[in-house]
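Here's the structure, in structure tokens; my notes come after.
The values are calculated or read from the model by the stated rules, or taken from the named source; none is laboratory data. Since this is a predicted model, take the numbers as computed values, not measurements. As a convention, Cβ positions derive from the backbone with ideal geometry for all residues, glycine included, and neighbour counts pool all protein chains shown. Side chains are part of the model used for accessible areas, which takes the heavy atoms of the whole protein and leaves out ligands, DNA and RNA. Shrake-Rupley method; radii C 1.70, N 1.55, O 1.52, S 1.80 Å.
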Amino acid sequence: STVGLQLPFFLLSSLKVVLSQFLTKDQGQFPITQNVTVVEGGTANMTCRVDYNDNTSLQWSNPAQQTLFFGDKKALRDHRIELVRASWQELTIRIGDVSLSDEGLYTCSLFTMPVKTTKAFLTVLGVPGRPEITGFTKPAKEGDIITLTCTTSGSKPAANIRWFRNDKEVQGNKEVNATGKSFTVRSSLQFQVDKRDDGVAYTCSVEHVTLSSPYMTTEVLEVHYPPYLEITHSLIIPQEGQYFKLECVSIGNPIPEPVLWSKDGGELPDIERMIVEGRELTITTLNKTDNGTYRCEASNHLGTSSAEYILFVYDPNALGQHGPDHALIGGVVAVVVFITLCLIIVLGRYLARHKGTYLTHEAKGAEDAPDADTAIINAEGNHVHAEEKKEYFI
């Protein structure tokens, strides 16, 4: 009958609803976890949750499959691992002072039939050690080839090294080596030094995701080089009776000293007027006998250098007699200007005079002619006398 057919259909529909609810509940039984990233030495919280749980225990185990906690019961004796929260829906543990060896896949298990598991990966970032610069032995000599090497260890992932010469970045040669789970990074600079490198600061900067600001270390170069000397003087035109100073300016490392002064290849002739104070030679009152070649010399352990200055003392009276020469030059210039003006005036008059020459064609015969033909005849006749009608303007 119709009622008999409806009953099996109703039972089938009910069975489908029950099975659907069971499957939905069963799917919700899988644990829920999240991957965790922590800096070495920090703390990692590992959390496992379930949506439905019929009083079934949760368990955390480490990458070696050692049980850490089964519910609220601690299974591994490790003082760094603590229970944060334990319930039927959640199991959270804390791992303190995390090391690189703690990295790996952790497993959360729900002890149903069958057991359901979910994994979470714990990533541990290795903090790089503070960098060190090696390879430089102070002092270097000009022309030496030196190698600076900056090293940092313990980073994960591998740290980045940058070099700076004072404030300008320079490129180094990088080398990365794995040491267990961490990395050792080296970067080297090789170059030939000269006196311009003396006092230059080379800075190694280490950058890494775990650092809020780079680690830095600096090596200041000390370069020894031979001396170089030059002489400066206090007067452009030294004159008799004046105070005069020479200074021996030197560069070199170490500083070249002492400075030795001489005149014309011998000792200073007048030590009462010629006073030496360190690098300076002062002549208190110049006279003609001071004319000559003055030489300063200094040395360090890398060499000796010298510089010369030729002194000529002028007679102030002779300088004064040269004054009329300037006046003579001024007079010559004035004469040249005057002659030029005269030429301009004469040329102007000449041009104006020739510009005023013209022929007069208004002959009376042409003006009084009764007709055109007569006017033309009269005008031609007047043309013959054109030379008589030139006018000159002065």
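Within the range 123-176, track down each residue that is of a type in the set (S, T, N, Q) and farther than 30 Å from Leu100 by Cβ.
Thr137, Thr147, Asn166, Gln171
Close contacts from the range 57-83, counting a first residue that is in the same structural domain as Ala120 (by the TED database) and under 16 Å from Phe121 (Cα atoms) and a second that is among the acidic types (Asp, Glu) and surrounded by 17 or more Cβ atoms within 10 Å (Cβ to Cβ), with Cβ to Cβ under 9 Å and a gap of 6+ residues or different chains, come to Asn62/Asp102; Pro63/Asp102; Pro63/Glu103. Listed by first and then second residue, the pairs with beta-carbon distance under 6 Å, at least 6 apart or on different chains, first residue in the range 231-255 and farther than 12 Å from Ser305 by Cβ, second open to solvent by 70 Å² or more (accessible area, probe 1.4 Å) and in a loop (DSSP other than H, G, I, E, B), form an empty list.
Scan the range 81-136 for residues that are part of a loop (DSSP other than H, G, I, E, B), surrounded by 14 or more Cβ atoms within 10 Å (Cβ to Cβ) and at pLDDT 95 or above and the total you get is 6. Among the residues of the range 123-160, those that are of a type in the set (A, V, I, L, M, F, W, C) and under 18 Å from Val220 (Cα atoms) comprise Ile133, Phe136, Ala140, Ile145, Ile146, Leu148, Cys150. When the residues of the range 165-201 are filtered to those that are open to solvent by 60 Å² or more (accessible area, probe 1.4 Å) and among the small types (Gly, Ala, Ser), the one that is farthest from Ile145 (Cα to Cα) is Gly180.
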